[in-house]
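The values are calculated or read from the model by the stated rules, or taken from the named source; none is laboratory data. Keep in mind the model is a prediction, meaning the values are calculated, not measured. Reconstructed Cβ throughout: ideal geometry from the backbone, glycine too, with neighbour counts over all protein chains shown. With ligands, DNA and RNA removed, areas are computed over all heavy atoms of the protein, side chains included. Shrake-Rupley method; radii C 1.70, N 1.55, O 1.52, S 1.80 Å.
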Amino acid sequence: MELYLTKNFKKPKSQTLDTYLKNGGYKAAQKALKKMKPLEIIEEVKKSGLRGRGGAGFPTGLKWSFMPQGNKTPKYIGCNADESEPGTFKDRQILESEPHQLIEGLVIGAYAMGVKACYIYVRGEYVEQARTLQKAIDEAYKKNYLGENIFKSGFECDIYVHRGAGAYICGEETGLMESVEGKKGQPRKKPPFPAGFGLWGYPTTINNVETFAQVPHIINNGANWFKKIGTEKSAGNTIFGISGHVKKPGTYELPMGYNLKDLIYKVAGGIRNDNELKAVIPGGSSTKVLPASMVDVKMDHDSLMQAGTSLGTGAVIVMDHTACMVRVGIILSHFYRHESCGQCTNCREGTAWLHQILVGIENGQGKMEDIDLLLDIAGKMEASTICALSDAAAWPVQGLVKHFREEFEMHIKKGKCTCPESFEV
Amino acid sequence: MPTFTINGKKIKVEDGKTILQAAVSNGVEIPHFCFHPHLSIDGSCRMCLVEVEKIPKLTIACNTPVTDGMVVQTETEKVLEARKAVMEFLLLNHPLDCPICDQAGECRLQKYTFEHGIPHSRFRENKKPGRKRFKIGPRVIFDEERCILCRRCVRFCREVSKTNELAVFSRGDKSIIDTYPGRPLDNKYSINTVDICPVGALTSVDFRFQVRVWFLEETNSVCPGCSNNCSIRICHRRGKIYRLLPRKNMEVNKVWMCDEGRNTYKPVGDNHRLTVPLVLKGNKLEEVSWDEAFKVMAEGLEKGKKGDFIGMGSPHATNEECYLFKKLSLEILKGKSVDFEAPTWEADDFLIKKENAANPEGARRIGIKAKDGLSVKKTIEEINEGKLKKMYIVGNEIIRDAETKKDILLSLSKLNFLVAQDTHLTDLCSVANVVFPSATFAEKEGTFTNINGRVQKINMAVPPPGEARSDLEIFGEAAKAMGRPFDSVEPTMIMEEISKNVKGFKKVSYDKLGDTGIKISAK
């Protein structure tokens with residue numbers, strides 16, 4: 001298994017430009033700017049099969065190709081470093097350990113799409129990471145890897161760091177744009193789409209940190225090299241973040257399609273105290289939970305979709321037998337209730353209602369029909385709103401009820417939690 | 001021009017129209033809350049979700065442009081289910097207080113609940129409490145519990161009044177509409193937010209709890225508040241007016257009107273109205289019959305020399321009244337007319353125009369406010385000099401200015417004979433020999449000409465009080481008493497004369513005015 005994203009992360013001063021250059025940094029940018037035409041780069045990214053690492057898995061090259069050619073108007077890149085999906089902490093590793101990887105990816109992307117200004121939207125809580133990133137950007141400016149006439153190619157590009165203020169919804173690309181513009185973070189209705197009407201009304205492409213970080217490697221090694229890694233439809237390595245009741249939580253770079261069971265038991269060292277595995281959330285808090293019986297599954301977009309869930313951000317949350325699924329539901333639904341922007345009826349009201357019903361079940365006020373009511377509400381929240389937060393709030397509840405219905409019934413019958421040593425909410 | 005199919009019907013649509021716009025203009029109803037044709041698209045209420053072929057998810061009709069060959073279904077099971085869901089969500093925390101809510105009867109939430117909702121609630125949790133009867137501005141009351149967060153009011157203050165008082169604060173189910181600190185909803189157009197609020201969250205301080213809306217009748221009219229002449233509906237019941245609402249007229253006011261204009265109904269029903277003709281007997285005005293009043297008038301006006309009479313019309317009078325009064329003053333009474341100024345106030349760049357009267361433009365065009373007439377100042381001088389001895393004043397414009405009022409009244413008291421025709425008892429009556437009680441804009445038929453030359457019709461919503469009569473009838477009787485009756489005092493007949501005799505009015509006739517009026521040609 002070849003590491004390329006994280007192979008330098010543990011090296012001393014990996015975040016500095018010197019170390020990055022020693023390890024072959026900015027060669028890809030130089031190659032792209034000097035030897036490749038913008039459209040060639042987009043073609044190469046398309047060919048590589050790279051899919052967005054922010055959760056939705058949209059083909060990156062295709063996204064880039066939506067941007068209008070020419071420079072009639074300003075165009076922008078937004079880099080999504082909001083990383084607000086609970087369970088996700090992979091972009092943080094990149095920002096901390098090798099921010100130049102991201103900067104180089106941005107320069108290449110900017111050149112490919114004819115963009116002169118990139119905004120990196122950094123999660124508000126990432127205070128240190130934002131500082132590290134800014135230092136790296138300053139270094140890059142000094143060496144003229146950013147600014148005017150980069151590599152004497154005539155191409156100019158600026159990068160600005162914009163720090164968020166702690167709202168999940170600002171990780172949604174149009175909410176992010178509103179936030180960058182200084183407005184309340186609320187997703188925009190579509191159409192218009194960002195590639196036509198983005199930041200300040202100009203064409204904009206938004207990609208995740210890891211997505212951009214993949215790009216220099218594709219340029220250096222070619223699309224064919226990248227395609228061979230991972231699975232047919234989910235190419236490349238990705239950084240899985242595994243947390244919860246495992247012995248070795250953390251981030252691990254692995255090829256797409258890596259087996260979830262192996263990730264838990266081989267890579268992350270198995271369950272704490274060798275407890276019994278109960279459930280796994282495979283891709284961040286919005287993805288549907290998998291019961292222990294279903295964890296022998298490949299971690300790629302298609303395999304997980306077949307298993308009734310999704311890859312999301314590759315943030316694996318592992319739960320052992322002590323985890324009460326009703327309480328998990330309360331925690332997750334509270335999060336979405338708190339983070340809903342409140343624009344769309346179904347999401348604003350639905351997130352609150354789901355949470356209230358779950359709390360009712362927890363407190364012994366639940367009725368049997370509540371279980372189907374949860375499913376019904378979740379169903380009505382799906383695919384009915386401006387952005388996907390409503391869906392993200394519905395899916396975990398659907399997953400929990402689907403796979404752990406008896407546990408919900410038991411709660412309602414007994415009027416209390418019967419799980420061993422369960423945590424408090 | 002794309003052609004698309006909606007519920008099986010093929011329709012050609014203008015470029016750039018959304019599904020909702022196309023549906024509305026073709027008689028297909030798609031329920032919606034947040035969409036308003038004169039505000040930006042919000043897309044948040046999710047009530048207008050429809051099924052579009054080849055799009056897997058339901059799509060909001062308000063924000064989806066029609067494309068050629070698009071196939072839209074608005075009544076499939078999937079769509080109906082989605083509407084039911086939105087209705088259920090909206091009603092979760094709604095107080096369901098229709099019986100005591102002033103919006104009942106004209107409430108979208110209520111209407112759609114009947115049409116698309118489910119008749120019971122599955123919500124067992126406690127409803128979210130909110131601020132009740134909160135005075136969000138001097139003329140608007142806010143009930144937070146009824147608010148469905150459609151943000152029409154927010155967009156109105158941002159986009160139309162451009163005053164930006166309102167915003168949504170907090171997020172998720174804690175979202176609330178509120179004003180920015182220290183900036184109450186106090187702009188010249190604030191009551192429009194009440195009109196566009198689809199629920200009972202925003203209600204009018206003036207109108208709330210006065211009457212149930214389903215008892216109200218509506219009569220189309222024109223706001224007499226300023227020379228913009230916003231198209232309005234007069235809402236009334238049993239001879240009493242309860243409110244004025246803006247009426248759509250893209251050429252004049254779109255769908256808006258100012259707060260001040262909404263007050264113009266108030267004088268109609270107040271207790272200073274003149275209801276009986278009055279005649280000065282000794283030093284007291286006494287109530288008399290119309291016959292006696294006209295007899296006294298004729299006797300008074302017949303005395304004296306040629307050329308000592310002057311008539312003063314009103315910028316509040318209709319085109320027809322201006323025309324007939326001009327004939328009465330100049331042709332029958334052989335006098336002059338006063339070149340008066342309409343009262344003014346502060347204009348803005350939206351609806352409020354400088355001249356604070358219903359028809360100064362019409363008065364100018366028709367010539368009752370004649371350029372060759374005497375100015376008010378000159379009129380008073382000539383009265384003081386004894387050159388003018390008789391006068392007929394319609395309205396009370398002449399004493400509006402508090403500074404000059406006393407002197408003018410003193411001068412008018414020197415006249416040998418003064419006829420005052422007015423809707424209200426004012427100080428002017430105290431110096432008159434005869435007082436004719438007349439009708440307000442809401443009690444008669446006629447037309448106004450706005451500042452841009454648009455002629456619009458007003459209609460009788462309520463009868464004049466007591467024995468008060470329309471100005472036209474009074475002029476007609478006055479002419480008859482002078483022995484030279486007019487051919488007709490019917491507004492429609494007079495407009496025929498106007499269109500023949502007054503420059504610019506050629507195209508104007510009552511059957512062509514329609515709901516939105518006709519623009520007359522330049523002078």
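Quick notes on this structure:
- Taking other residues whose beta carbon is less than 11 angstrom from the beta carbon of residue B:288, and scoring Lys, Arg as +1 and Asp, Glu as -1, yields -3.
- Inter-part distance, region B:165-244 to region A:48-122, computed on C-alpha centroids, equals 48 Å.
- Solution diffusion estimate, µm²/s, Stokes-Einstein, region B:145-227, Kirkwood Rh from C-alpha pairs, 20 °C, viscosity 1.002 mPa s: 148 µm²/s
- Across region A:300-425, Cα-Cα distances exceeding 24 Å account for 27% of all pairs.
- Here region A:144-208 is treated as a sphere whose radius is the Kirkwood value from Cα pairs; by Stokes-Einstein at 10 °C and 1.306 mPa s it diffuses with a coefficient of 121 µm²/s.
- The charge dipole of region B:39-190, taken about the Cα centre with unit charges on the Cβ atoms of Lys, Arg (+1) and Asp, Glu (-1), comes to about 600 debye, rounded to the nearest 20.
- Computed from the Cβ-Cβ distance with R0 of 22 Å, the FRET efficiency linking residue A:144 to residue A:11 stands at 0.35.
- Under 5 Å from the amide H of residue A:53 lie the amide H atoms of A:208, A:211, each residue being 5 or more positions distant or on a separate chain, with H modelled from the backbone and absent for Pro and chain starts.
- Vicinal HN-Hα couplings computed from phi for region B:168-184 (Karplus, 6.51 cos²θ - 1.76 cosθ + 1.60; Hz; Gly/Pro x): 8, 9, 6, 9, x, 6, 8, 4, 9, 7, 7, 9, 5, x, x, 10, x
- The smallest convex shape that holds all Cα atoms of region A:138-180, its convex hull, gives 86 Å³ per residue.
- A straight chain from residue B:100 to residue B:164 at 0.36 nm per residue would run longer than the Cα-Cα distance by 20.0 nm.
- Rounded to the nearest 20, the Cβ-based charge dipole of the protein assembly as shown about its Cα centre (Lys and Arg +1, Asp and Glu -1) stands at 1580 debye.
- Helical mean residue ellipticity (222 nm; -39500 (n - 2.57) per DSSP H run of 4+; nearest 500) of chain B: -6500 deg cm²/dmol
- Average beta carbon contacts from partner chains per residue of A:334-347, 10 Å cutoff: 6
- For region B:411-461: relative contact order, % (alpha-carbon pairs under 8 angstrom, 6 or more apart): 27 percent
- If you wrap the Cα atoms of the protein assembly as shown in a convex hull and average its projected area over all directions, you get 46.8 nm².
- Gain in span if fully extended, residue B:81 to residue B:410, counting 0.36 nm per residue against the direct Cα distance: 110.9 nm
- Total charge dipole magnitude, region B:240-388, about the Cα centre, Cβ charges on Lys, Arg, Asp, Glu only, Debye to nearest 20: 240 debye
- Note that region B:199-261 shows a convex hull volume over its alpha carbon atoms of 98 Å³ per residue.
- In region A:106-213, lysine pairs closer than 28 Å at Cα, eight or more apart or cross-chain: 13
- Lysine-lysine proximity count for region B:373-418, Cα under 17 Å, sequence distance 8 or more or distinct chains: 17
- Using just its DSSP H runs of length 4 or more, each adding -39500 (n - 2.57), chain A gives a mean residue ellipticity at 222 nm of -12500 deg cm²/dmol after division by all residues.
- Share antiparallel - DSSP beta bridges, the protein assembly as shown, percent rounded to 5: 60 percent
- Hz values of 3J(HN,Hα) by residue in region B:54-67 - Karplus curve (6.51, -1.76, 1.60), Gly and Pro given as x: 6, 10, x, 8, 5, 10, 6, 5, 5, 10, 9, x, 6, 10
- Farthest towards the positive end of the charge dipole of chain A, among the residues A:329, A:69, A:238, is the Cα of A:69, using unit charges on the Cβ of Lys, Arg, Asp and Glu.
- 5 angstrom amide H check on residue A:119, placed H, neighbours 5+ away: A:77, A:78, A:79, A:160
- Accessible-area order (highest first, 1.4 angstrom probe) of the listed residues B:79, B:376: B:376, B:79
- Long pairs among B:111/B:135; B:327/B:369; A:10/A:233; A:11/A:266, criterion Cα-Cα beyond 22 Å: B:111/B:135; A:10/A:233; A:11/A:266
- For residue B:115, net neighbour charge (Lys/Arg +1, Asp/Glu -1) across residues whose Cβ lies under 15 Å away: -1
- Binning the C-alpha pair distances of region B:104-182 at 10 Å intervals from 0 yields a P(r) profile of 15, 42, 33, 10, 0 %, listed from the shortest bin outward.
- Residue A:121 sits among other residues whose Cβ lies under 9 Å from its own Cβ, and their net charge, with Lys and Arg +1 and Asp and Glu -1, is +1.
- Given a 1.4 Å probe and the protein chains as shown, residue A:338 ends up with an accessible area of around 90 Å².
- Shielding by partners, peptide A:100-106 (average Cβ within 10 angstrom, other chains): 0
- Where both bridge residues fall in chain A, DSSP classifies roughly 50% of the beta bridges as antiparallel.
- For the residue pairs A:278/A:402; B:457/B:503; A:7/A:227; A:31/A:90, the alpha carbons lie more than 21 Å apart in A:31/A:90.
- Phi angles of region A:97-103 translate, via the Karplus equation with coefficients 6.51, -1.76, 1.60 and θ = phi - 60°, into HN-Hα couplings of 9, 8, x, 5, 4, 5, 4 Hz per residue; Gly and Pro are given as x.
- For region B:382-434, the Stokes-Einstein estimate of translational diffusion at 20 °C and a viscosity of 1.002 mPa s comes to 193 µm²/s, using the Kirkwood hydrodynamic radius over alpha-carbon pairs.
- When the alpha-carbon atoms of chain A are used, the pair Rg, Dmax equals 21.9, 73 angstrom.
- With all pairs of different C-alpha atoms in the average, the Kirkwood value for the hydrodynamic radius of region A:21-116 is 14.5 Å.
- Long-range amide H partners of residue A:163 with built H, under 5 Å: A:122
- Convex hull of Cα atoms in region B:228-321, direction-averaged projection (nm²): 9.8 nm²
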